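Below you'll find the structure, written out as structure tokens, and then a few comments.
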Number of protein chains: 4
Amino acid sequence: MSSSFGEKVKIMIFGQSHSEAIGVVIDGLPVGEEIDLEAVRKFMERRAPGRNAYSTPRKEADLPRVVSGLFEGKTCGAPICAVIENTNTRSKDYDKLKDLPRPGHADFTAWVKYKGANDHRGGGHFSGRLTAPLCFAGAVCMQILERRGIHIGAHILSIKGVQDTPFDAVAVDADTLKAVTEKVFPVQNDAAGEEMQATIAAAKENADSVGGVIECAVVGLPVGVGEPMFDGLESRLAAAIYAIPAVKGVEFGEGFGVAALFGSENNDNFTYQADGTVRTTTNHHGGSLGGISSGMPLVLRAAFKPTPSIGQTQDTISISKGENDTLAIVGRHDPCIVPRAVPCVEAAAAVALLDLICRMEQ
Amino acid sequence: MSSSFGEKVKIMIFGQSHSEAIGVVIDGLPVGEEIDLEAVRKFMERRAPGRNAYSTPRKEADLPRVVSGLFEGKTCGAPICAVIENTNTRSKDYDKLKDLPRPGHADFTAWVKYKGANDHRGGGHFSGRLTAPLCFAGAVCMQILERRGIHIGAHILSIKGVQDTPFDAVAVDADTLKAVTEKVFPVQNDAAGEEMQATIAAAKENADSVGGVIECAVVGLPVGVGEPMFDGLESRLAAAIYAIPAVKGVEFGEGFGVAALFGSENNDNFTYQADGTVRTTTNHHGGSLGGISSGMPLVLRAAFKPTPSIGQTQDTISISKGENDTLAIVGRHDPCIVPRAVPCVEAAAAVALLDLICRMEQ
Amino acid sequence: MSSSFGEKVKIMIFGQSHSEAIGVVIDGLPVGEEIDLEAVRKFMERRAPGRNAYSTPRKEADLPRVVSGLFEGKTCGAPICAVIENTNTRSKDYDKLKDLPRPGHADFTAWVKYKGANDHRGGGHFSGRLTAPLCFAGAVCMQILERRGIHIGAHILSIKGVQDTPFDAVAVDADTLKAVTEKVFPVQNDAAGEEMQATIAAAKENADSVGGVIECAVVGLPVGVGEPMFDGLESRLAAAIYAIPAVKGVEFGEGFGVAALFGSENNDNFTYQADGTVRTTTNHHGGSLGGISSGMPLVLRAAFKPTPSIGQTQDTISISKGENDTLAIVGRHDPCIVPRAVPCVEAAAAVALLDLICRMEQ
Amino acid sequence: MSSSFGEKVKIMIFGQSHSEAIGVVIDGLPVGEEIDLEAVRKFMERRAPGRNAYSTPRKEADLPRVVSGLFEGKTCGAPICAVIENTNTRSKDYDKLKDLPRPGHADFTAWVKYKGANDHRGGGHFSGRLTAPLCFAGAVCMQILERRGIHIGAHILSIKGVQDTPFDAVAVDADTLKAVTEKVFPVQNDAAGEEMQATIAAAKENADSVGGVIECAVVGLPVGVGEPMFDGLESRLAAAIYAIPAVKGVEFGEGFGVAALFGSENNDNFTYQADGTVRTTTNHHGGSLGGISSGMPLVLRAAFKPTPSIGQTQDTISISKGENDTLAIVGRHDPCIVPRAVPCVEAAAAVALLDLICRMEQ
């Protein structure tokens, strides 16, 4: 098992979908940093279920209780532990799943890996619910980053072919990020957003689900963040983002698009600004050169698969009978996880970046 | 700095493009494993420069000298250290680059990060040359994996729009992998390969470069490899692969394609085989569910940007003058790094997978 | 900060003496292991304060609430998190200490390290209270070790010159350990125990405190536990035990006594037993050769300094006034921490050993 | 296996006594630090064998070749790799030991652990020869520490009962350390040193060996070095020092002596100096409170067992015959390892301390 991440700023996430509680311990944060817990809770609400018509009706309090690590409202050098109680859990919904692994879920792989000892209820430790403590950790890290002038924001770039306006990789700034992340449905082009929501509603109507792509940008990063080779920006950010269930692709800057470009097109020339700082005129590299921040906006995209829990009848196996069987999932589930995943991507990025920043040379 | 990777099987890569030597230490390997050094060298040759018309004319001996860790040809519990001498180095080629950071390279970011103390010659520690020790480590790990029935192979999936036949994600097997990796130009469709090589040659003609996509498959993985959350298969493999210079995207299974599918299309149903094993009928998930291997072939793709070193004149800055300047790179460089990167992707995957396998429950 | 330990079995301890709660997350435990929480609580009671006349009158419920990681009473692959509420906290007792660092405590060093942002109340994260979650983690690990035939037990070897009978390093067995650890005052020679308690009572009478030595033995360890060099048995056990506040010395086998022996005296000869196993006829090496377990009982000793909190008036500084001052500590404190530290040493050993055992070759 | 150490400054040691070479990789060093390799070699000479009558006649060149990580004489951000060739190796001396494990050595434990695959020649990876790369790493770290005003020095405190004058824990300074470490036989009291050497010579005469205690002090440490709990000064220093073969005890400040003191005696009162700095009037705590440096000299002692290789006939087992046997070791060996271990203790302390210092808050 490894539900921990980070070298200087370390987080360890605990809990299962239906255990008594879930939560996170954060060790190694800079000291004396004021943490606004009300702002943390507001950030976590962006991930919370039940905010609109198409998302799962399960209501989570999701109010984290910070039991350690803050003293007079500030980080004090001791690890922060936040505990989120699991209250509204209907374990019976999942009884059948012990026998019939859900296609697209970790039920089968976890069952084999742990020789049947895993907590299968609601996906156990593999549940998307575990992104709640990730969001807590991300929100804490984000406040510390913002105090250093670093801002992170993400939006829905596409859902089942419906495209939002991408960020301008050169010009995106803190205001752009703030504007889009404050929306209930975080897109830049609201008309596209309406169409996305209609697409999701139609899928739901059909007992089906859809996936999408989230684009995330980080502005204000100083030059020099990221370590060479295995701890470069891309390695660390991808490792953190792939911890979010359902992510199947992560790309930076031009991403897979680089395969269609000439070097003369893809290279970003350096140029001095009037104020003496160095920038590139274009930003195909997405803010990272050699795994190290260039001072340009960091731009990445993550692809999310359609929610595997769908109401349609699917083929699967019956472990108890040792033969093929079918399954129709009746529990609560989102027809599209993408909207709720937007803050999760920001949180994963925040955790990875603060760790790298705190690792830098004194 | 962090040029180390792995928890149970740990590697640490050292060296700069023009230091006396480069190399790698590998700690934590299973003990008593015979290592065929001739096979290792043969694997490394696939990465070596100068194998054909379009690749850099720099000849590297690249013969690793194993100075420790093997006893009577077998792993003995002590770390393996392999040293590769840097012989054919023309440092003078790079003198100018100390002042004029090359667009698309880490010259500028490393210079700022290390306050000018970095070894700029040939990209220093950020050089693609450092993938030679990665290939050494990967080749060693691969032999141990193969003894456990696990086979890794990759091919060029596309170069500047020219597409090879992708792997059949359900049917790909060890023979398929062996066949394609034994080719000098590793594609499944040789006609596409011819076209790719013509594309590369044309770019070279133009003092330009092109990028591409590499597809890698792993067959024979047992169910259960991968740890939850931050150490899932995707997180670990992406972290390792992003350590290869020029990678800007990594995706698994259907990858970014999931964004266009319904859940009912993307889910892979489980079914019992005649021999009692469980497989999925399709493989959109690419062999990983919840970050844990499903027993299906693991399929991933990595996007490589066009070689940033191009002969055309480019805009950049002069650090010494503090003003904008231009640069035409005259040193040796590949017009397309993709063919030589194929074994690097396999090696990164091997290192990450062996570490995860050795971390599994006793 | 680093309140985490372990590579395969990782623990992360959180909390401050007067935060809302303290606790621990344990990741990487073997799966399917039944954990008897009643036995855990019984183990933790051995550390709990207020058990007798001379120990601190602060009553701690110290009932850990396991909020995750167990499913149907067994480890399920997800991290265990145990939360212990801080109930009986009288913060006012410590108000003065923010200004007047207590001699022998971490008040001054923590205040400088964290630039005044540390939680000073009751020693904050440096409080001996943080050994409660360590004992929780140790008790869990110990149950898993015992299932593998490995038993850990410790006793008070000396308090202020009063000596208990040491373990017989060759013959000590599980029964010996069980017998001594079940005692309220864990000594082998009860007469010595009486004298120790009289010594402690006399120190208390005098508003003073005393220290002592704890001896710990581990029996049933297979040959081969421990990794070479920095992760040898001694390195790992010492690192874990030194995490217990007040420890100033850790030695193994003959320990500092080796300095007075000839090699011909100190070497332990190997010999075949009737049953074909190999043992040494003596055990000066204390069960570890080259950092690896030899199959002989592992024997170690830890020296604990006298409780630094004493009622006598002591010289210290006043931070606010910037001048020398005096301090008489009036809060609750043990005149001797050694009796309550006995299970802490066992717990630290258990955590370190289970991690090493789980790291061994498959 | 784990021959690596450190979180921010990481070292990985490789090699066996009779492999082609041994060495070390050091990652994460501060950048731009000038490293005087001549001074490094001079430091390593203090550990080298063959310097006087009583030490092993094996001559080692022990000249490390730095193949990476330095650029124009300074650390450049890339890992340093130093390779030390194994030249004067007589493998035949050790042929018999494959069958007859030497008492007091790791021959038996390594053979069981690695199922016979370990490199037994000269103790393989467990050989004291592996302290040569440790000394290289320590010497590099020490130069960086000295540039920050931190000085480390050790002396022989006792050999078989013959005592040197201990350091004055309050007054010891850089000059004291320099004076004693420059001596060929590093003791403060040269008369005691003569007696120690006579003791060693007598043991040698008798085909026997003796052990001793090394005392090490660190001066100039700022307040605040060390992380709480498992990464406190004591935990980290002990873990590093126990990696040196033959160490069986490590203690700090008053060490095991604390068990005989009252709290009122052992506590060190704080007091303002004329220059406004805070010191303690005594230094029983040995420079560490709560695992964090107090600004007072750090004082520790390590106990070394007598060299297990002795010429006398000893009882052991014959693995091939499966019965008891005897062994008389004829190879080269020191009758007392302590004098050569003095720089090893300093080196281990340097590596552990630089890592902790580089982990501190920016």
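Brief remarks on what is shown
- A:Ile292 vs. criteria within 15 Å of A:Val218 (Cα to Cα), buried (at least 21 other Cβ atoms within 10 Å of the Cβ), among the aliphatic types (A, V, I, L, M) and within 7 Å of chain B (Cβ to nearest Cβ): yes
- Of all residues in the range B:113-159 being surrounded by fewer than 23 Cβ atoms within 10 Å (Cβ to Cβ) and free of Cβ contacts under 8 Å to residues at least 60 places away in the same chain, the one that is nearest to the other protein chains (Cβ to nearest Cβ): B:Ala117
- Note on the range B:303-316: residues that are in a strand (DSSP E or B), surrounded by 22 or more Cβ atoms within 10 Å (Cβ to Cβ) and out of contact with any Pro (no Cβ under 7 Å at 6 or more places or on another chain) amount to 2.
- The set of residues from the range D:331-362 being outside any helix (DSSP H, G or I) and either within 28 Å of D:Ala303 (Cβ to Cβ) or in contact with a Gly (Cβ under 7 Å, 6 or more places away or on another chain) (or both) comprises D:Gly331, D:Arg332, D:His333, D:Asp334, D:Pro335, D:Cys336, D:Ile337, D:Met360.
- Screening the candidates D:Asn283, D:Asn266 for the property of being over 30 Å from C:Asp268 (Cα atoms), more than 7 Å from every other protein chain (Cβ to nearest Cβ) and buried (at least 19 other Cβ atoms within 10 Å of the Cβ) yields one hit, D:Asn283.
- Qualifying residue in the range B:26-41 (condition: closer than 26 Å to D:Gly73 by Cα and either surrounded by fewer than 24 Cβ atoms within 10 Å (Cβ to Cβ) or away from chain A (no Cβ under 12 Å) (or both)): no
- Scanning the range A:132-159 for residues being in a helix (DSSP H, G or I) and of a type in the set (Val, Ile, Thr) gives a total of 2.
- Criterion applied to D:Ile200, D:Ile244 was being farther than 26 Å from D:Gly295 by Cβ, out of contact with any strand residue (DSSP E or B) (no Cβ under 7 Å at 6 or more places or on another chain), more than 8 Å from chain C (Cβ to nearest Cβ) and touching a residue at least 40 places away in the same chain (Cβ under 8 Å), and the one residue passing it is D:Ile244.
- Condition met for D:Phe252 (within 30 Å of C:Gly15 (Cβ to Cβ) and within 10 Å of chain C (Cβ to nearest Cβ)): yes
- The single condition among (1) of a type outside the set (Val, Ile, Thr); (2) facing chain A (nearest Cβ under 10 Å); (3) surrounded by 19 or more Cβ atoms within 10 Å (Cβ to Cβ) that B:Leu298 does not meet is (2).
- Scanning the range C:160-184 for residues that are surrounded by fewer than 18 Cβ atoms within 10 Å (Cβ to Cβ) and either part of a helix (DSSP H, G or I) or more than 14 Å from every other protein chain (Cβ to nearest Cβ) (or both) returns C:Thr165, C:Asp168, C:Val170, C:Ala171, C:Asp173, C:Ala174, C:Asp175, C:Lys178, C:Ala179, C:Glu182, C:Lys183, C:Val184.
- Single unsatisfied condition, A:Gly257 versus (1) within 24 Å of the chain's Cα centre (by Cα); (2) without any contact (Cβ under 8 Å) to a residue 60 or more places away in the chain; (3) facing chain B (nearest Cβ under 7 Å): (3)
- The range A:90-127 - residue that is polar (S, T, N, Q) and out of contact with any helix residue (DSSP H, G or I) (no Cβ under 7 Å at 6 or more places or on another chain) and, of those, modelled with the lowest pLDDT: A:Ser127
- Of residues in the range C:301-321 being over 23 Å from the mean Cα position of the chain (by Cα) and facing chain D (nearest Cβ under 7 Å), the one nearest to C:Gly116 (Cα to Cα): C:Ile317
- Checked against the criterion of being over 25 Å from D:Glu265 (Cβ atoms) and of a type in the set (A, V, I, L, M, F, W, C), the range C:155-166 contains not a single residue that satisfies it.
- Within the range C:286-302, the residues that satisfy the criterion of being in a loop (DSSP other than H, G, I, E, B) and in contact with a strand residue (DSSP E or B) (Cβ under 8 Å, 6 or more places away or on another chain) are C:Gly286, C:Gly287, C:Ser294, C:Gly295, C:Met296, C:Pro297.
- The set of residues from the range A:1-20 being touching a residue at least 24 places away in the same chain (Cβ under 8 Å), closer than 26 Å to A:Pro339 by Cα and either surrounded by fewer than 22 Cβ atoms within 10 Å (Cβ to Cβ) or in contact with a helix residue (DSSP H, G or I) (Cβ under 7 Å, 6 or more places away or on another chain) (or both) comprises A:Ser3, A:Phe5, A:Ile11, A:Ile13, A:Gly15, A:Gln16, A:Ser17, A:His18.
- Inclusion of A:Val330 among residues that are buried (at least 24 other Cβ atoms within 10 Å of the Cβ) and β-branched (Val, Ile, Thr) is not warranted.
- Of all residues in the range D:305-336 being among the hydrophobic types (A, V, I, L, M, F, W, C) and touching a strand residue (DSSP E or B) at 6+ places or on another chain (Cβ under 6 Å), the one that is modelled with the lowest pLDDT: D:Ala328
- Remark: pairs (first residue in the range D:304-321, farther than 30 Å from D:Cys216 by Cα; second residue of a type in the set (Gly, Ala, Ser) and part of a loop (DSSP other than H, G, I, E, B); Cβ separation under 8 Å; 6+ apart in sequence or on different chains) = D:Gly311/D:Ala207; D:Gln312/D:Ala207.
The values are calculated or read from the model by the stated rules, or taken from the named source; none is laboratory data. Note that this is a predicted model, so its numbers are computed, not measured. Here the Cβ is made from the backbone with ideal geometry for all residues, glycine too, and neighbour counts use every protein chain on show.
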